[in-house]
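The next block holds one structure in the form of structure tokens; read it before the comments.
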Amino acid sequence: MTIRDITTFPEEVLRKKGKVIETFDEDLQDLVDDMIETMRDAPGVGLAAPQVGLSRRVIVIEFGDEEDEDIPKQLFVLINPELIEQSQETVAGIEGCLSVPGLVGEVERAKVVTVKGLDQQGMPLKIRAHGWLARIFQHEIDHINGILYTERTDKIWQIDEEEMDSM
């Protein structure tokens, strides 16, 4: 496993729609492993392939229970993910991004989403996510569609590293 460099704004790959994955081979497995290692090293809760410079439809997310830190984090790997359902109810929340360092913004997102995609072996997955996990899925799926959170808000402000670590 290799920690990859995180691509930052204004790199063009962050604005491109990712290519659909059709081959589930060793190269894909290496990419997924590297993305997990890179996400954990950053540290972050999610990472999309464009954030490591590749225009591909791959995301990884690792997130624990919002109210109970004793519950182990769960790792999600989705290939070709898409939002297939989202609640009408939305909630505003503060988002940051490894590809947009030093800035955060308030973004309105669906409170509940259903995501479908494939796992690393190409088997179908369907996940229903609530709260912050739903927000993370929406944020990462935006990445593979060439959308940054900064396009979804009009409230952006600068923060320092200490503030970012406490988020």
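Only the coordinates and a few stated rules stand behind these numbers; no lab work does. Keep in mind that what you see is a predicted model, and the values were worked out from it rather than measured. Quick reminder, even Gly has a Cβ in these numbers, built from the backbone with ideal geometry, and neighbours come from all protein chains shown.
Filter segment 18-51 for residues that are of a type outside the set (A, V, I, L, M), out of contact with any helix residue (DSSP H, G or I) (no Cβ under 7 Å at 6 or more places or on another chain) and part of a loop (DSSP other than H, G, I, E, B) and give the result.
Hits for segment 18-51 are 22, 23, 24, 25, 43, 44.
With the requirement that a residue be surrounded by 12 or more Cβ atoms within 10 Å (Cβ to Cβ), among the aliphatic types (A, V, I, L, M) and within 24 Å of residue 133 (Cα to Cα), what does segment 4-27 give you?
The first filter runs over segment 4-27 and keeps only residues surrounded by 12 or more Cβ atoms within 10 Å (Cβ to Cβ), leaving 4, 6-9, 11, 13-19, 21, 24.
Now restrict to residues that are among the aliphatic types (A, V, I, L, M): 6, 13-14, 21.
Passing the criteria: 6, 14, 21.
Could you check residue 80 against (1) at negative phi; (2) surrounded by 18 or more Cβ atoms within 10 Å (Cβ to Cβ) and say which number it fails?
(1)
Please go through segment 52-77 and pick out each residue that is part of a strand (DSSP E or B), surrounded by 15 or more Cβ atoms within 10 Å (Cβ to Cβ) and of a type in the set (A, V, I, L, M, F, W, C). Show your work before the answer.
Taking segment 52-77 as the starting set, the residues that turn out to be part of a strand (DSSP E or B) are 56, 58-63, 74-77.
After this cut, where a residue has to be surrounded by 15 or more Cβ atoms within 10 Å (Cβ to Cβ) as well, the list is 56, 58-63, 76-77.
Within segment 52-77, 58, 59, 60, 61, 63, 76, 77 qualify.
Considering only segment 93-111, state which residues are surrounded by fewer than 20 Cβ atoms within 10 Å (Cβ to Cβ) and touching a Lys or Arg at 6+ places or on another chain (Cβ under 6 Å).
Within segment 93-111, 93, 106 qualify.
Just checking, how many residues over segment 113-135 are in contact with a helix residue (DSSP H, G or I) (Cβ under 6 Å, 6 or more places away or on another chain) and outside any loop (DSSP other than H, G, I, E, B)?
Within segment 113-135, the first condition is being in contact with a helix residue (DSSP H, G or I) (Cβ under 6 Å, 6 or more places away or on another chain), and the residues that meet it are 113, 115, 120, 129.
Remaining after also requiring outside any loop (DSSP other than H, G, I, E, B): 113, 115, 129.
Counting residues in segment 113-135 that are in contact with a helix residue (DSSP H, G or I) (Cβ under 6 Å, 6 or more places away or on another chain) and outside any loop (DSSP other than H, G, I, E, B) gives 3.
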